[in-house]
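The values are calculated or read from the model by the stated rules, or taken from the named source; none is laboratory data. This is a predicted model, so every value here is computed, not measured. FYI the Cβ positions are ideal-geometry reconstructions off the backbone, even for glycines, and counts take in every protein chain you see. Heads up: the accessible areas ignore ligands, DNA and RNA and are worked out on the full protein's heavy atoms, side chains in. Shrake-Rupley method; radii C 1.70, N 1.55, O 1.52, S 1.80 Å.
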Amino acid sequence: GIELDVPFPEKTVSKSIDDYFQKLGYKGKDTKGYLTYKGVRLPQLGPDIYDLYFKTDKKSRKEKDATTVTLMISSGYEKFIGDTTNAPLIDSAKNYLNGLTDRVAAYDLDQQITEQDVALKKALKKLTNLTETGQDLQKKKVKIENDISDNLKGQASQKAESEKQQQILQTLRDKRKQ
């Protein structure tokens, strides 16, 4: 098999590989820890059809954001091809694998853009909700201020009415004393 270290987390690398082959119309299958694509024709590997076996592993415990990708190529029926059986194909496969880092980087960037787009939509929705709540609170504030103003007018008029009634009572009491 051919190995390549890719400076991305294992999950990102395996999803990137699967995404790439799905876009080409191939469906991957998990076989004994390998993501397998059967009957693949890749121009980078030449005109023939191959079965491709990809394995992605964390490079090490310390390097969680680095992944070792192993690619094995079979001409079918699990007849694996090596340097001795088909050196030009292995060289083409190495070149193909060397382009993987760029594809993973592009995939990772697409994922970040998608996640950021979701985060932006969420933030905008929250802003809209806060703005609407602010407008509602502003309306309530105006209503409360009007209610306070009406209440103060009511208090003033009621005070005047109370003083008038007090005056009448006093007048009536003064009549009794005479």
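Could you check how many residues of region 37-72 are outside any strand (DSSP E or B), of a type outside the set (Lys, Arg) and farther than 20 Å from Pro88 by Cβ? Let's see the steps before the verdict.
Residues of region 37-72 outside any strand (DSSP E or B): 41-49, 59-66.
Now drop any that are not of a type outside the set (Lys, Arg), which leaves 42-49, 60, 63, 65-66.
From the residues that got through so far, the ones that are farther than 20 Å from Pro88 by Cβ too are 60, 63, 65-66.
Total satisfying the criteria: 4.
Restricting to region 9-24, what's the tally of residues that are free of Cβ contacts under 8 Å to residues at least 60 places away in the same chain and outside any loop (DSSP other than H, G, I, E, B)?
Restricting attention to region 9-24, the residues satisfying the condition of being free of Cβ contacts under 8 Å to residues at least 60 places away in the same chain are 9-11, 14, 18, 21-24.
Retained after the next criterion (residues that are outside any loop (DSSP other than H, G, I, E, B)): 10-11, 14, 18, 21-23.
Looking only at that region, the number is 7.
Keeping to region 89-128, report how many residues are open to solvent by 90 Å² or more (accessible area, probe 1.4 Å) and within 30 Å of Leu52 (Cα to Cα).
Adding up the residues that qualify gives 6.
Could you look through region 83-132, keep only residues that are in a loop (DSSP other than H, G, I, E, B) and under 16 Å from Gly46 (Cβ atoms), and pick out the one that is modelled with the lowest pLDDT? Please lay out each step first, then the result.
Kept after step one, since they are in a loop (DSSP other than H, G, I, E, B), are these residues of region 83-132: 83-86, 99.
Then keep just the ones that are under 16 Å from Gly46 (Cβ atoms); that gives 83, 85-86, 99.
Values: Asp83: 70, Thr85: 73, Asn86: 77, Gly99: 87.
Going through the qualifying residues, I end up with Asp83.
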